[in-house]
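Have a look at the structure below, then the notes.
A short reminder: the numbers here are calculations on the coordinates, not readings from a lab. Values in this document were obtained by computation on a predicted structure and should not be read as measured data. For neighbour counting, all protein chains shown are included, and Cβ atoms are generated from backbone atoms with ideal geometry for every residue, glycine included.
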Amino acid sequence: MEPQATENVADALRRAAARLKQAGVGTPKLDAEVLLMKSLGWSREDLYRNPERALRDVQTQGFEELVSRRVRAEPVAYVTGSQEFWSLDFRVTPDVLIPRPETEHLVETVLEFLPSRRGPCRILEIGTGSGAVAVSLAKESARAEVWATDVSAPALEVARENAARHGLGDRIRWRRGDLFAPVRGLSGWFDVLVSNPPYVPSGEIAGLQRDVRDWEPALALDGGGDGMGFCRRLVRGGVRHLRAGGMLAVEVGAEQGADVSGLFQAQEKLHRVGVRRDYAGLPRVVTAERMPGV
Ligand code: SAM
Ligand code: GLN
């Protein structure tokens, strides 16, 4: 029997947006559209061109299931399984942080530094998660030799898959382990050390938005008491693993610019400390260079 036509695209979107709004979702209309696109396999253009198209029951049901997940605060990116970053599509699962647009500043910071180095450029990313930063860097720079680490095995699996998806499977060396443990022995080796560390102070985790707090990995967010625990370890290990003139680039929380700069300045083997702001004018990336000598 042919499934009965029940609702058209425009009606389904209106109903879903109302449900999402009532559940406290911040962008109900947009989310409803993305979820309907996902469940129909449509582009945004398909959606706008076919508001009157009748949905079949099975399509309505599939859409309802996705909307119900969003109603329970599951982030859209986990529901659809993908997130765009640096104009590339990344697979994401609840094992990895959803890459944020602000983190593109971290990629830009590294790309601007590369021309100052000649020859191959060895880049180490600590805490790669979905692999968004490492993959974007490898994609943009043929000279980049990228090492990427994470303590989470399932995260590294997602990262590997993302590299393969973008044809970069053989450009990135994946290593699992705690901070610098996977690159022990590579002292003075890297031109760039880049990281978006977990930086949320432990006491602030409970107050995060539900989508983040209940769904994203705590391991990717919790930066210890003052949020800077990971960063302190990055500085110590960074000094050891960077070549003279190499750069350390670390993403920071909006309120951490001054503290992290202070941390970098207090390390006698680092100099040229700088803070890069995001489009909202907030400190986003703190950089420093490894001094020549001991
Ligand atoms: N680089 C990705 C991005 O920018 O979207 C993910 C960054 S996420 C804020 C931090 C990552 O650090 C997580 O993937 C987490 O698993 C990893 N991580 C946490 N503790 C770690 C540790 N001790 N050693 C290595 N990686 C760690
Ligand atoms: N930017 C993330 C947030 O909005 C925090 C990510 C991190 O700790 N690096 O919660």
Checklist entry - Taking the Cα atoms of the range 1-112 alone, what are Rg (to one decimal) and Dmax (as a whole number) in Å? => result 16.1, 61
Item to check | Antiparallel DSSP beta bridges within the chain, percent to nearest 5 | outcome: 45
Checklist entry - Relative contact order of the chain: what whole-number percent is it, with Cα pairs under 8 angstrom and at least 6 residues apart? => result 13
Checklist outcome for this item: Rounded to whole angstrom, the alpha-carbon centroid of the range 177-203 lies from that of the range 27-74 at a distance of 40
Checklist entry - Taking Cα atoms, how many degrees apart are the long axis of helix 229-241 and the longest axis of the chain, rounded to 10 and kept between 0 and 90? => result 50
Checklist outcome for this item: Proxy exposure order for C121, C231 (fewest C-beta within 10 Å first) is C121, C231
Checklist entry - Using 0.36 nm per residue, how much length does the chain from S43 to R14 gain when fully extended, once their Cα-Cα distance is taken away? => result 8.6 nm
Item to check | Spin-label pair R56/A280, simplified geometry with 7 Å Cα→Cβ offset, distance in nm | outcome: 4.4
Item to check | Inter-site label distance for Q265 and S116 at 7 Å from Cα along Cβ, in nm | outcome: 1.9
Checklist entry - Which ³J(HN,Hα) values in Hz, rounded to whole numbers, follow from the phi angles of the range 77-82 under the Karplus curve 6.51 cos²θ - 1.76 cosθ + 1.60, where θ = phi - 60° and Gly and Pro get x? => result 5, 6, 5, 7, x, 8
Next on the checklist: Test of understanding: ordering H241, H105, H271 by Cβ neighbours within 10 Å, fewest first, what list do you get?
Outcome noted: H271, H105, H241
Checklist outcome for this item: Karplus ³J(HN,Hα) for the range 251-268 (6.51 cos²θ - 1.76 cosθ + 1.60, θ = phi - 60°; Hz, whole; x = Gly/Pro) runs 6, 10, x, 4, 9, 9, x, 5, 5, 5, 4, x, 4, 5, 5, 6, 8, 5
Next on the checklist: Can you give the FRET efficiency to the nearest 0.05 for R72 and W189, using r as the Cβ-Cβ distance and R₀ = 45 Å?
Outcome noted: 0.50
Item to check | Rg over Rh [alpha-carbon atoms, Kirkwood Rh] for the range 253-294 | outcome: 1.05
Checklist entry - Going by average Cβ neighbours within 10 Å, how do the peptides 276-288, 19-31 rank, with the highest at the top? => result 276-288, 19-31
Checklist outcome for this item: Cβ density ranking, 10 Å radius, fewest first, applied to M228, M247 yields M228, M247
Item to check | All-pairs Cα distance distribution in the chain, expressed in whole percent, bin size 10 Å | outcome: 6, 26, 30, 20, 11, 5, 1, 0
Checklist entry - Using θ = phi - 60° and the Karplus curve 6.51 cos²θ - 1.76 cosθ + 1.60, what whole-Hz ³J(HN,Hα) does each residue of the range 145-157 get, with Gly and Pro shown as x? => result 9, 9, 10, 9, 10, 7, 7, 8, 5, x, 5, 4, 5
Checklist outcome for this item: Tilt, helix 9-22 to longest principal axis of the chain (alpha-carbon atoms), in degrees rounded to tens, equals 60
Checklist entry - Hey, can you rank 232-240, 46-54, 258-266 by average C-beta count inside 10 Å, highest first? => result 232-240, 258-266, 46-54
Item to check | Pairwise label distance in nanometres, T27 with E255, each label 7 Å out on the Cα-Cβ vector | outcome: 2.5
Checklist entry - Any idea what diffusion coefficient the range 51-195 gets from Stokes-Einstein, in µm²/s, Kirkwood Rh on alpha carbon pairs, 25 °C, 0.890 mPa s? => result 148
